[in-house]
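The values are calculated or read from the model by the stated rules, or taken from the named source; none is laboratory data. Predicted model, so just to flag it, every value in this text is computed and none were measured. Backbone-built Cβ (ideal geometry, glycine too); neighbour counts: all protein chains shown. Just so you know, the surface numbers come from the protein's heavy atoms only, side chains and all, with ligands and any DNA or RNA stripped out. Shrake-Rupley method; radii C 1.70, N 1.55, O 1.52, S 1.80 Å.
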Amino acid sequence: MSVNLGMPRVSGPDGGAVIAPRRATRKIKVGAVEVGGDAPISVQSMTTTPTTDINATLQQIAELTATGCDIVRVACPSQDDAEALPAIAAKSQIPVIADIHFQPKYVYAAIDAGCAAVRVNPGNIRKFDDQVKQIAREAKAAGVSIRIGVNAGSLDKRLYEKFGGPTPEALVESAVWEAGLFEEHDFHDFKISVKHNDPVVMVKAYEMLAERGDWPLHLGVTEAGPAFQGTIKSSVAFGALLSRGIGDTIRVSLSAPPVEEVKVGNQILQSLGLKPRKLEIVSCPSCGRAQVDVYTLADQVTAGLEGMTVPLRVAVMGCVVNGPGEAREADLGVASGNGKGQIFVKGEVIKTVPESQIVETLIEEATRIAEEMGEPVDDEAAAGPTVSVGGR
């Protein structure tokens, strides 16, 4: 049966409604990646390998790049780390930001190493304010941008004492003060973050900061926690800010492998229509009406389509109430019941298969659609996992 596949309906970057107009900010560059202005919101992460282990760090950067990371940050707490930066910056597929704390000499080392940007923490770099003029001069000459990264856990003790803790007002005052110092020296290629582990405090700080200037803002809930908790906290905070157009680049900070941060970050942006949607699984939560094992079906379809990058919406539905409607609205879907499933492609039923063949059929149809949309498909990967789903 020949079906006109067309293209999935998406919003935001690919047309259609967006959740909110983007806040107008100045645009800077982090290597080849533009941040702010009308540039797409970028997703960042940070390596967990010792920076001195150049090969391991580059391998992790490659994994992050393949997952959809736009910019990567590497730690530079020692001279040995600083000496590893030139090789990492030169060989990384995406722009590298050096993360600097305590010692201002490593800021200059990162600039000399060819890093695309340097993250500085004014609260814990020794005599930072005295260094701003030289940092601005050298960064400007090298075309290196800066992130002023204010953190609740390392706030300047003077501000901590003034405000009685890392309040939104304290975080914002620190950021605005440092921004002013850079601007006094005619340096404007910087973005700002004001991170806190409490989403409510973090959101308030960014809202206040957005009213104070047109700086591009890097969003993050710092120390967000393990994968589940951190995902929830970051999603809530980012959603609150992005729904008001606030935010130009994001990092989801999880106590989990960094590729998981990138997956969550991209999914947040795609869900808000702020990044072109790729594969999206629509599946029901199951209920007493379900006549098939929806949980298993959804998990197996997700696993079988892992790595697919075409903008494809796949509906895996388990009953006859919402199932046919959702499956019909998706690009590819199944409405299941009575031990079998109706397979839909772009709103039309193309076949009915036993429950034991639903996963296999969906993967085959998704692979065919992907090929027609121009995505090269690895034959072994496209075959998907071997599955066995029994009827109920």
* To do: Take the Cα gyration tensor of the stretch 57-157, multiply each eigenvalue by 5, square-root it, and list the three semi-axes largest first, rounded to whole angstrom.
  => 23, 15, 12
* **Label of the coordinate-derived value, Rg and Dmax of the Cα atoms in Å, listed as (1) 21.5, 68; (2) 22.5, 72; (3) 23.7, 73** => (3)
* To do: Pull up the cross-link candidates among the lysines for residue 340, meaning alpha carbon to alpha carbon under 25 Å and not fewer than 8 places away within one chain.
  => 351
* Structure fact -> Sequence order, the stretch 87-100: Karplus ³J(HN,Hα) from phi using 6.51 cos²θ - 1.76 cosθ + 1.60, θ = phi - 60°, Hz rounded, Gly and Pro as x, gives 5, 5, 4, 6, 9, 5, 7, 10, x, 10, 9, 8, 9, 10
* Residue by residue through the stretch 253-259, which ³J(HN,Hα) values in whole Hz follow from phi under the Karplus form 6.51 cos²θ - 1.76 cosθ + 1.60 (θ = phi - 60°), with glycine and proline marked x? -> 8, 10, 7, 7, x, x, 4
* May I ask you to list the trypsin sites (Lys or Arg not before Pro) in the stretch 94-189 that are in a DSSP loop and have at most 11 other Cβ atoms within 10 Å of their Cβ? => 126, 127
* To do: Could you check which residue among 253, 235, 286 shows the biggest mean-square fluctuation in a GNM of the chain with a 10 Å Cα cutoff?
  => 286
* Can you list the residues, at least 5 places off or on another chain, whose amide H is less than 5 Å from the amide H of residue 46, using H built in the peptide plane? -> 73
* Give the Debye-formula value of log10 I(q)/I(0) at each listed q (0.11, 0.15, 0.24 Å⁻¹), with one equal scatterer per alpha carbon of the stretch 222-316, two decimals each. => -0.40, -0.72, -1.23
* Percentage relative contact order, the chain, counting C-alpha pairs under 8 Å, at least six apart -> 14 percent
* To do: Grab the DSSP H runs of the chain that are 4 residues or longer, score each as -39,500 (n - 2.57), total them, divide by all residues and round the 222 nm result to the nearest 500 deg cm²/dmol.
  => -12000 deg cm²/dmol
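Counting alpha carbon pairs within less than 8 Å and at least 6 residues apart, what relative contact order, in whole percent, applies to the stretch 99-216? Each step should come with its number before you reach the end.
Values: 182 pairs, mean separation 29.2, N = 118.
Across the stretch 99-216, relative contact order equals 25 percent.
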* Structure fact -> Counting only residues 5 or more apart in sequence or on a different chain, those whose built amide H sits under 5 Å from that of residue 282 are 314, 315, 316
* In whole Å, how far is the Cα centre of the stretch 232-305 from that of the stretch 100-130? -> 34 Å
* Structure fact -> Within the stretch 234-337, DSSP-loop trypsin sites (Lys or Arg not before Pro) with at most 14 other C-beta atoms within 10 Å are 289
* **For the stretch 150-156, 3J(HN,Hα) per residue [Karplus equation, 6.51 cos²θ - 1.76 cosθ + 1.60, θ = phi - 60°, Hz, x = Gly/Pro]** => 8, 10, 4, x, 9, 6, 3
* Report, ordered by chain and residue number, the aspartates and glutamates lying within cross-link reach of residue 346, taken as a straight Cα distance under 12 Å and ignoring same-chain residues fewer than 8 apart. => 326, 329, 331, 365
* Asked: So what does residue 232 come to for accessible area, using a 1.4 Å probe and Å² rounded to 10?
  -> 90 Å²
* Using modelled backbone amide H atoms (1.01 Å from N, in-plane), which distant-in-sequence or interchain residues come within less than 5 Å of residue 341's amide H? -> 353, 355
* **Under 24 Å from the Cα of residue 127 - lysines, other chains or at least 8 residues apart** => 105, 140, 157, 162, 191, 195
* Asked: Taking every DSSP beta bridge that has both residues in the chain, what percent is antiparallel when rounded to the nearest 5?
  -> 30 percent
* Tilt relative to the chain, helix 358-372 - C-alpha long axis, 0 to 90 degrees, to 10 -> 60 degrees
